[in-house]
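Any read-out appearing in this document is the output of simple, stated calculations on the displayed coordinates, not a laboratory observation. Predicted, not measured: the structure shown is a model, and the values here were computed from it. Cβ sites come from the backbone with ideal geometry, for glycine too, and all protein chains shown count toward neighbours.
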Amino acid sequence: MPASNPNLVLSPRIAAAKAAGKPLVALESTIVTHGMPHPQNFQTALAVEAAVRAAGAEPATIAVIDGVLRIGLEESELAALAQASGVLKLSRADLAFATAFGRTGSTTVAATMIAAKAAGIAVFATGGIGGVHRGGATSLDVSADLEELARTDVIVVSAGAKAILDIGLTLEYLETKGVPVVAYGSDELPAFWSSESGHKAPLRLDRPEEIARFQQARAALGVKGGMLVANPLSAEHAIAKATIEGWIDRALADAAAARIIGKAVTPFLLGRIVELSEGRSLKANIALIQANATLAGEIAVALARP
Ligand code: PSU
Ligand code: MN
């Protein structure tokens, strides 16, 4: 996507930051429109931007508004998006559908990676990526986020793959696709709300500078594709695996009974787990996305150092 594309617009703040060589961090918007209830979604979006700034980088929240892929939203635009209904949940398949037909949509991890790359942003913070769903070997429900990580050169800072998924199959898929999975400061791969997944992380790094160096070394060798950084939630906010599993089983059964399919699966499960956990999962989700934004800001600052 060339910079002159009228369907891709950097906000004046982001354009100025870019021109000044300031480190940038991309932020997704599906977590706002489909991942959390109002008003926590809006409050969290602002807190996440603040966390990126506190780390010394400039946050660019990304969404398609009336057909324009916008890199950097104003607070009033975020407020409107956080309450809007009928917002599309956009991935690689339909990002351009929204820009072609003047639609409004939020960007998932996959679509945000495409937008970040097009805008020249190397680091992106999210909550948890999509992956291979439980039963994915027969349902073929595999998030487009995984293929995007294989293709697009962006560092994605997450708390791992969401625990509603089959983490083992997700790791196999990422390995096949050549995506480095790096746990931050941990030997175990975290699982979103929980710091335990029961799976050893393929790689471990302990400092933002090391993550920057690793991605620079990949680029120097001409190795294409993204990197998944998995940042464990602090003990204070993390939920024990045994606790969260009960809610997940219940939510999965409810999704099957209600015949939820396709794009609706993940938002349904997240929403149901907020209800079943009486808000505990939402608190953890808010904490983890902020921690990921901080780390992403630190990585962006490290990448910008000569
Ligand atoms: N992280 C969160 N909440 C979310 C998501 C990530 O804390 O709602 C979103 C991301 O946009 C991710 C999407 O790409 O969930 C995965 O959707 P699916 O499983 O349908 O690919
Ligand atoms: Mn899916």
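Quick check: pseudo-label points 7 Å beyond the Cα along Cα→Cβ at Ala15 and Ala220, how many nm apart are they?
Distance between the two pseudo-spin positions: 3.6 nm.
Work from the charge dipole of the range 8-304 (Cβ charges, +1 for Lys and Arg, -1 for Asp and Glu, about the Cα centre) and give the residue of Leu288, Gln43, Tyr173 farthest towards its positive end.
Tyr173
Which is farthest toward the positive dipole end of the range 8-304 among Ala240, Leu8, Ala191, measuring Cα position about the Cα centre, with Cβ charges +1 (Lys, Arg) and -1 (Asp, Glu)?
The residue sitting most towards the positive pole is Leu8.
Let me know the shape class of the chain, please: from the alpha-carbon gyration tensor, a ≥ b ≥ c as square roots of the eigenvalues, rounded when a/c is under 1.5, otherwise prolate if a/b is greater than b/c, or oblate.
Values: a/c = 1.44, a/b = 1.16, b/c = 1.24.
Note, shape of the chain comes out rounded.
Under the rule that an exposed site lies in a DSSP loop and has at most 16 other Cβ atoms within 10 Å, name the longest stretch of the chain with no GluC sites (Glu not before Pro) of that kind, not counting the sites themselves. Walk me through the numbers before you get to the answer.
Values: sites that count: Glu74, Glu236, Glu278.
Result for the longest clean stretch: 75-235.
Restricting to DSSP H runs of at least four residues, report the calculated mean residue ellipticity at 222 nm for the chain, -39500 (n - 2.57) per run over all residues, nearest 500 deg cm²/dmol.
-14000 deg cm²/dmol
Determine the dipole magnitude for the range 63-205: charges of +1 sit on the beta-carbon of Lys and Arg, -1 on that of Asp and Glu, nothing else is charged, the reference point is the Cα centre, and the result goes in debye to the nearest 20.
On the way: 11 positive and 16 negative charges, 33 e Å.
So the magnitude is around 160 debye.
Could you give the size of the charge dipole of the chain about its Cα centre, using +1 on the Cβ of each K and R and -1 on the Cβ of each D and E, expressed in debye and rounded to the nearest 20? It would help to have the intermediate numbers written out before the result.
On the way: 27 positive and 29 negative charges, 104 e Å.
Roughly 500 debye for the chain.
How much net charge surrounds Ser158 when only other residues with a Cβ under 14 Å from its Cβ are counted (Lys, Arg +1; Asp, Glu -1)? It would help to have the intermediate numbers written out before the result.
On the way: positive: Lys162; negative: Glu28, Asp145, Glu148.
Taking every Cβ under 14 Å from that of Ser158, the sum is -2.
Over 26 Å between Cα atoms: which of Lys22/Lys200; Lys22/Lys117; Lys22/Lys89 fall into that group? Mind dumping the intermediate values first?
Working: Lys22/Lys200 35 Å; Lys22/Lys117 16 Å; Lys22/Lys89 30 Å.
Pairs exceeding 26 Å: Lys22/Lys200; Lys22/Lys89.
Cα centroid distance between the range 12-58 and the range 150-169, in Å?
Measuring centre to centre over Cα atoms gives 20 Å.
Which of Tyr184, Tyr173 has the fewest other C-beta atoms within 10 Å, and how do the rest follow up to the most? List each step's numbers first, then the result.
Values: Tyr184 24, Tyr173 21.
Fewest-to-most Cβ neighbours within 10 Å comes out as Tyr173, Tyr184.
What list of ³J(HN,Hα) values in whole Hz, one per residue of the range 54-59 in order, does the Karplus curve 6.51 cos²θ - 1.76 cosθ + 1.60 (θ = phi - 60°) give from phi, with Gly and Pro shown as x?
Each residue of the range 54-59 in turn: 4, 7, x, 10, 9, x Hz.
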